[in-house]
Amino acid sequence: QVQLVESGGGLVQPGGSLRLSCASSGIIFRIYNMGWYRQAPGKQRELVATITKGGSTNYVDSVKGRFTISRDNAKSTVYLQMSSLKYEDTAVYYCRGEFVDHYWGQGTQVTVSS
């Protein structure tokens, strides 16, 4: 059974930092391209960052220079380091794994508020 389990969300003040983790099981993690998405209330889910199986990364413009995606194949885990957080970063964050199939995690809430 495939599982992607996100953790690390929470409440943080503007300008603060959080690190999200997504631990996978049931897949050969190293061959999967991984991504982080987010969905704010009333908005569509949007791509935040991706990392290929080879380690190439891509970011949506709004998070460039603030967020860093990384992966640890030995731990079958993908991370999203978020810094200089803004109110508009508030959302449920989901990880996604893609190969010939794709899987989603259940999401973790990130709330940026003073």
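Considering the stretch 6-25 alone, what residues qualify as being open to solvent by less than 60 Å² (accessible area, probe 1.4 Å) and outside any strand (DSSP E or B)?
Within the stretch 6-25, 8, 9, 14, 15, 16 qualify.
Taking the stated definitions as given, is residue 18 farther than 11 Å from residue 95 by Cα and either touching a strand residue (DSSP E or B) at 6+ places or on another chain (Cβ under 7 Å) or modelled with pLDDT under 95 (or both)?
So residue 18 fits the description; yes.
Can you find a residue that is farther than 19 Å from residue 101 by Cα and open to solvent by less than 30 Å² (accessible area, probe 1.4 Å) anywhere in the stretch 45-59?
yes
Could you look through the stretch 26-44, keep only residues that are open to solvent by 50 Å² or more (accessible area, probe 1.4 Å) and not in a strand (DSSP E or B), and pick out the one that is farthest from residue 65 (Cα to Cα)?
Filtering first and then ranking leaves 26.
Evaluate the stretch 85-98: report whether one residue or more is assigned to a loop (DSSP other than H, G, I, E, B), in contact (Cβ under 8 Å) with a residue 24 or more places away in the chain, more than 19 Å from residue 43 (Cβ to Cβ) and touching a helix residue (DSSP H, G or I) at 6+ places or on another chain (Cβ under 8 Å).
Within the stretch 85-98, not a single residue is assigned to a loop (DSSP other than H, G, I, E, B), in contact (Cβ under 8 Å) with a residue 24 or more places away in the chain, more than 19 Å from residue 43 (Cβ to Cβ) and touching a helix residue (DSSP H, G or I) at 6+ places or on another chain (Cβ under 8 Å).
Return the residues of the stretch 61-81 that are among the charged types (D, E, K, R) and open to solvent by 40 Å² or more (accessible area, probe 1.4 Å); say none if nothing qualifies. Spell out how you get there, then give the answer.
Going through the stretch 61-81, the residues among the charged types (D, E, K, R) turn out to be 61, 64, 66, 71-72, 75.
Matches in the stretch 61-81: 61, 64, 71, 72, 75.
List every residue pair whose Cβ atoms sit under 7 Å apart, with the two residues 6 or more apart in sequence or on different chains, where the first one lies in the stretch 21-35 and is free of Cβ contacts under 8 Å to residues at least 40 places away in the same chain and the second, anywhere, is among the aliphatic types (A, V, I, L, M).
From the stretch 21-35, the pairs are 26/2.
Quick one: how many residues across the stretch 60-87 are under 17 Å from residue 99 (Cα atoms) and of a type in the set (A, V, I, L, M)?
The total comes to 1.
The values are calculated or read from the model by the stated rules, or taken from the named source; none is laboratory data. All of these numbers come straight from a predicted model, not from anything done at the bench. Every residue, glycine among them, receives a Cβ derived from its backbone with ideal geometry; neighbour counts consider all protein chains shown. All accessible areas refer to the heavy atoms of the entire protein, side chains included, with ligands and DNA or RNA removed. Shrake-Rupley method; radii C 1.70, N 1.55, O 1.52, S 1.80 Å.
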